[in-house]
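Read the structure below first, then the notes.
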Amino acid sequence: MTISQSAAQADRPNGDVIMELDDTSVEFGMSRGRSRVLNGVDFEVSRDEIVGVIGESGSGKSMFASAMLDAVPEPGVTTGDVTYYPEDDDPVSVTDLSKEELRRFRWEEVSMVFQGAMSSFNPVLKIRTHFVETLSAHDYNVERGLERVRELLEDLYLEPERMLESYPHELSGGMKQRVLIALSLVLDPEMLVMDEPTAALDLLMQRSIISLLHDIQDKHDLTIVFITHDLPLVANLADRLAVLYAFEFAEVGPADDILEDPAHPYTRALLNATPNLSAPLEEMRPIEGESPDPVNIPEGCSYHPRCPIADEMCRSHDPDAYDAGADHDVHCHHWEDSIENIDNALASSGSMDRSRRTAADRSADEEPVVSLDDIEVEFGSENDGLLDFGDSEIVTAVDGISLDIYQNDVVVLVGESGCGKTTLGKTAVGLQQPTDGTIEYKGRDIWEGSGNSSTLADKEIRRALQIVHQDPGSSLNSHHRVRTILETPLKRWHSDLDGNDRRERILGMLEYVGISPPEDYIDRYPHQLSGGEKQRVALIRAMLINPDLILADEAVSALDVSLRVSTMDLMIELQDVFNTSYLAISHDLSNARYFAEKTGGRIGVMYLGELVEIGSPEQIIHDPKHPYTQALRWATPELDRDEDIDDNPMRTIDVPDQTNMPSGCRYHTRCPKAREVCRTQKPELIDRSDEDGVQHTACFRALEDHEYWDSEPIAEEPPAAEETGSAD
Amino acid sequence: MDWKIRRFGQGLFTVWAVVSLTFFITRMMPGNPVDAFVAQIGPELENPQEAYELAETYMNINPEAPLHVAYRDYMISMVQGDLGRSMSQNAEVTELMAEAVPWTLFVMSWAIAISFVVGISLGAIMAYWEGSTFDTAVTGYATTVTSIPFYVLALLLLMVFGYQLGWFPTGGRQPSGVEAGFNLPFMLGMIHHAALPVFSMLVASGAASLTMRGNSVRILGEDYLRVARLRGLADRTIAVRYVARNAILPMYTGLMIAIGTMFGGAVVLEEIYTYRGMGYYMIQAVRMRDYPLMMGAFTVITIAVVIALLIADLTYGKIDPRAGGENREAF
Ligand code: SF4
Ligand code: SF4
């Protein structure tokens, strides 16, 4: 049974509705029972608006997207009404359309951009064919259609002819994503549904696409439904925001209201759990618990197991929409209470404080645990003999980087994909042999004496350097129980423990990281664990070895937003217990900031194989000196709506080709501040540390007297279509 | 362009290596064919010295010449297409081969074509009705057939259809009593004789159908297929351009490799059916210790396989745009 205030229905944005969902559900029959992946939602999309739909994975957001085109993959079944209102025609019931009508409706009226543009194109057809096919399938004039395509591509900062003549694999991810957007607009639809359209892309590319969307929406009078798990990303794009939780809407309202004055406890918690650059760390707090299983949605309000102010009413009655202001609906019985009390309730649920160290405290006279000196890593083979004619393509992934990591230290490397951060990380823990330069572990060269073998010979060093992967699922052996997984390192490195001691120790660790009851979990297989649990088991496994340095390769980016902060907190806690250091890799500046600031570590920014800036998080986030760090800073979405996103601080969107590195400062092809001297001379890291923190910057602008200041600026053009390809 | 030359070079290298190897085996191995030949023929001749000259006629190898000279002469005659002279058939090996190879090709190309067409069609149908009774039945059939060695099937077919039912001839390659040439009875007779060998090779269709099924099922789940449907493309376009093309592509290389293995299979098959193709001669040569013929057949098989693979490589880029350039891994 549901309880609602009928007033909520009255003041909907009654203006001009383009799409209406009424009691729409999507169900899948599964062996475990019937699974409702969208649970009777009501929703209206107004014409010409951008509405952002926020949901964590498994919240039903993809089903919501598909339901609007009646495109739920089989064997899912859509029920309820989905109505489309053409501008000057009769309403259309999408679920009742015939096959042919549906075929025309999709793409001509409402089109869709999927997650994963990488695989949205047929690999054996040219891009042009994709466009032509679509045009002719809908009986559009191909010539005129292609004209439109060229214009669209140009608006997306792509070279039309080059794109059309390419095969999908010849384009970079960002290019493919933009071409896909053009493809979705080729028939001039009224409405565009985008399901995580930027998820697989780098921050800079995400941000560039978001700012392009704004212009495109304007120009083509589009209605956009933008679905994402990343709240900050849409924060200043969307007019309205809708929050999905457990296959239902928790809250829908104007973006300003939702961000500044969220009424639903989940929205408030989500905002607090989202790492960002400006909020004080003390305010960031994980959401306890995990999202429900679609087969087994809790009675009453589906959020009640995680809600700090839940009461009897919440457990028995499913809240319908309550009116929380103009156009603002919230599905919570106690929303008024929530606004006042939720933050207090959260705050009292235990705040963790730690004495903060800073990078400066780790004085220079301390001996580093791992020391990288002028490391260079090259990939690609030179001619390897008699049968190999030509084709020597060498890519320098890491080029001359020096870095010291101390005891109990944290260094987070950030940068776009392909910048070499993972290679550098692997090199630091001995998983990749450098082509040049040395790595020392406590003063010993770790590759010494290993000859040409690609693994470390020294057992002690192998123990001291560990890695935690992005995807814990693939690093845990799926045929072993948790116990076996955790026993292996113990047996190997603590052979003095007997079976009982080992079991005790494992149970203790599981309990410590919040996996309880541990007796129950110890006999499970990895697939019986949730993503967060797997990551924690992987973390314990690394810790049990007692390593000195752990490489955490995007350790939290695969997790849901609500789990990121808690996982990072756990890593920090374990660091204190085990006295390890972390070398973390992240493409996300907000996560990097959280992790580094909480531990007093450093953030290193990499660009095309070089370390362009490194320093304390305060300096890097609030006073970045390098133009590239400034661009990353721009690209990191904030919850703050006033920020201007149209001001792209780069001259080109796409990364230069790696086999043909720019001369001088490698950033000069994109740097807005570049001057002639940057083309020819290469800046070294310059120490700009002050009492606020350490900071080293590889840019001439960090020097007060440098010939840079007298040099001619490189012609200022607006972001142009890419000059060089980065297709591979 | 560059890599084409490279592939060509690699092919040439393989042929050269194999030919050299045959030379060194023939000439250098203890108890090698040349010595054996001389020892065998010599005592029967009035002038034992002639044995050496005969060796040169038959094997292109002069046992008395210094190694490098012998090697050079051997290579030159190879390049000139002179594979020596068969002792048992008393004819030029080149001629024998030229006469036998087309028959082998005839059987093999039919076998390959039919088994791939059958395999691909079955696989496509199975994928389309994934999970149906048809799917399960054919999967079972295909698995069984794949695990039967072709020569076992060949013997079975020969027994049942050749000897017991008498529907097909039990040996030979052409009808007797019909004038050879482009006349209908002769053609039909040829097909009649080739039928059983061709069908024995159909075991390959089992593997092909399973691969095709797997590929198609995978592609049916691809994002681009879903996008194509949403874009409103016609079902036929999707089936042909999206599913079939992408599913068959990875099998192309497999097809060319199959050619290689089938040449190997031909040796056994032709022996079973006394089908006088290249493989038949090769067995004969082994039986009669006819080294020149053996080496010749061996060389021809090598060249044929190398050419097949070369064609596969060079044409693959035409049908799959992703091939050709090195796909550098992202790091
Ligand atoms: S207060 Fe009650 S109704 Fe509101 S979110 Fe919490 S559990 Fe749900
Ligand atoms: S050195 Fe020049 S090109 Fe490089 S970041 Fe500084 S200003 Fe830009």
Restricting region A:674-684 to residues that are surrounded by fewer than 18 Cβ atoms within 10 Å (Cβ to Cβ) and within 24 Å of A:GLN619 (Cα to Cα), the one nearest to ligand 2 (Cβ to nearest atom) turns out to be A:LYS682
Quick check: is even one residue across region A:101-111 at pLDDT 90 or above, within 9 Å of chain B (Cβ to nearest Cβ) and in a strand (DSSP E or B)? yes
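Would you point out which residue out of A:TYR628, A:TYR607, A:TYR667 is under 30 Å from A:ALA538 (Cα atoms), out of contact with any Asp or Glu (no Cβ under 7 Å at 6 or more places or on another chain) and within 16 Å of ligand 2 (Cβ to nearest atom)?
Values: A:TYR628 fails: under 30 Å from A:ALA538 (Cα atoms); A:TYR667 fails: under 30 Å from A:ALA538 (Cα atoms).
Answer to the selection: A:TYR607.
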Sole miss for A:VAL82 among (1) closer than 30 Å to A:VAL41 by Cα; (2) of a type in the set (A, V, I, L, M, F, W, C); (3) within 10 Å of chain B (Cβ to nearest Cβ) is condition (3)
By residue number, the members of region A:125-141 that are of a type in the set (Lys, Arg) and within 11 Å of chain B (Cβ to nearest Cβ) are A:LYS126
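A quick yes/no check of all residues on (1) part of a loop (DSSP other than H, G, I, E, B); (2) within 22 Å of A:VAL45 (Cα to Cα); (3) in contact (Cβ under 8 Å) with a residue 60 or more places away in the chain; (4) within 16 Å of ligand 2 (Cβ to nearest atom):
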residue: A:LEU201; (1), (2), (3), (4): yes, no, no, no
residue: A:GLN206; (1), (2), (3), (4): no, no, yes, no
residue: A:ASP215; (1), (2), (3), (4): no, yes, yes, no
residue: A:LEU237; (1), (2), (3), (4): yes, yes, yes, no
residue: A:GLU251; (1), (2), (3), (4): no, yes, yes, no
residue: A:LEU271; (1), (2), (3), (4): no, no, yes, no
residue: A:PRO286; (1), (2), (3), (4): yes, no, yes, no
residue: A:GLU290; (1), (2), (3), (4): yes, no, yes, no
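Given the structure, is A:VAL186 within 14 Å of chain B (Cβ to nearest Cβ), of a type in the set (A, V, I, L, M) and in a loop (DSSP other than H, G, I, E, B)?
When the stated conditions are applied, A:VAL186 passes them.
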Over region A:112-124, the set of residues more than 7 Å from every other protein chain (Cβ to nearest Cβ) and either touching a helix residue (DSSP H, G or I) at 6+ places or on another chain (Cβ under 7 Å) or in a helix (DSSP H, G or I) (or both) is A:VAL113, A:ALA117, A:MET118
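Filtering region A:26-59 down to residues that are among the small types (Gly, Ala, Ser) and in a strand (DSSP E or B), which residue is most open to solvent (accessible area, probe 1.4 Å)? Can you show your working first?
From region A:26-59, those among the small types (Gly, Ala, Ser) are A:29, A:31, A:33, A:35, A:40, A:46, A:52, A:55, A:57-59; that's our starting set.
Of the ones still in play, those that are also in a strand (DSSP E or B) are A:29, A:33, A:35, A:40, A:46, A:52.
Numbers: A:GLY29: 64, A:GLY33: 24, A:SER35: 2, A:GLY40: 29, A:SER46: 19, A:GLY52: 0 Å².
Selected residue: A:GLY29.
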The one condition A:TYR582 fails out of (1) in contact with a Leu (Cβ under 7 Å, 6 or more places away or on another chain); (2) at pLDDT 85 or above; (3) under 22 Å from A:TYR441 (Cβ atoms) is (1)
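How many of the residues making up region A:217-235 are within 19 Å of the chain's Cα centre (by Cα) and in a helix (DSSP H, G or I)?
If we filter region A:217-235 for residues that are within 19 Å of the chain's Cα centre (by Cα), which is where we start, we get A:226-235.
Within this subset, residues satisfying the condition of being in a helix (DSSP H, G or I) are A:231-235.
Residues in region A:217-235 being within 19 Å of the chain's Cα centre (by Cα) and in a helix (DSSP H, G or I): 5 in total.
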Expected single match for touching a residue at least 24 places away in the same chain (Cβ under 8 Å), more than 10 Å from ligand 2 (Cβ to nearest atom), within 28 Å of A:SER211 (Cβ to Cβ) and open to solvent by 60 Å² or more (accessible area, probe 1.4 Å) among A:ASP692, A:ASP623, A:ASP654 is A:ASP623
A:ASP70 surrounded by fewer than 17 Cβ atoms within 10 Å (Cβ to Cβ), part of a loop (DSSP other than H, G, I, E, B) and not small (Gly, Ala, Ser): no
Per the list (1) part of a helix (DSSP H, G or I); (2) surrounded by fewer than 17 Cβ atoms within 10 Å (Cβ to Cβ); (3) without any contact (Cβ under 8 Å) to a residue 40 or more places away in the chain, residue check on B:LEU225 breaks on (2)
Every listed condition ((1) under 30 Å from the mean Cα position of the chain (by Cα); (2) more than 10 Å from chain A (Cβ to nearest Cβ); (3) open to solvent by 20 Å² or more (accessible area, probe 1.4 Å)) holds for B:MET212 save (3)
Out of (1) within 30 Å of the chain's Cα centre (by Cα); (2) among the hydrophobic types (A, V, I, L, M, F, W, C); (3) within 12 Å of chain B (Cβ to nearest Cβ), the one A:LEU152 does not meet is (3)
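Confirm whether A:CYS301 is open to solvent by less than 50 Å² (accessible area, probe 1.4 Å), near ligand 1 (Cβ under 8 Å from one of its atoms), assigned to a loop (DSSP other than H, G, I, E, B) and farther than 27 Å from A:ILE515 by Cα.
Details: open to solvent by less than 50 Å² (accessible area, probe 1.4 Å): yes; near ligand 1 (Cβ under 8 Å from one of its atoms): yes; assigned to a loop (DSSP other than H, G, I, E, B): yes; farther than 27 Å from A:ILE515 by Cα: no.
No: the conditions fail for A:CYS301.
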For this session: Scan region B:178-196 and give yes if some residue there is open to solvent by less than 60 Å² (accessible area, probe 1.4 Å), touching a residue at least 24 places away in the same chain (Cβ under 8 Å) and either among the aromatic types (Phe, Trp, Tyr) or under 30 Å from B:TYR242 (Cα atoms) (or both), otherwise no.
Result: no
If we scan region B:258-271, do we find a residue that is under 30 Å from B:MET159 (Cα atoms) and not in a helix (DSSP H, G or I)?
-> no
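Quick one: how many residues across region A:530-563 are within 15 Å of A:GLY289 (Cβ to Cβ) and either buried (at least 22 other Cβ atoms within 10 Å of the Cβ) or not hydroxyl-bearing (Ser, Thr, Tyr) (or both)? Walk me through it before giving the result.
Quick first cut of region A:530-563, residues within 15 Å of A:GLY289 (Cβ to Cβ) only: A:530-533, A:536, A:559-563.
Pick out the ones that are also either buried (at least 22 other Cβ atoms within 10 Å of the Cβ) or not hydroxyl-bearing (Ser, Thr, Tyr) (or both) and you get A:531-533, A:536, A:559-563.
Qualifying residue count for the region: 9.
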In region A:410-429, residues that are more than 14 Å from chain B (Cβ to nearest Cβ) and modelled with pLDDT under 85 total 0
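The values are calculated or read from the model by the stated rules, or taken from the named source; none is laboratory data. In this text the structure is predicted, and so the values were computed from the model without any measurement. Please note: Cβ atoms are built from the backbone with ideal geometry, for glycine as well, and neighbour counts cover all protein chains shown. Ligands, DNA and RNA are excluded from the accessible area calculation, which covers all protein heavy atoms including side chains. Shrake-Rupley method; radii C 1.70, N 1.55, O 1.52, S 1.80 Å.
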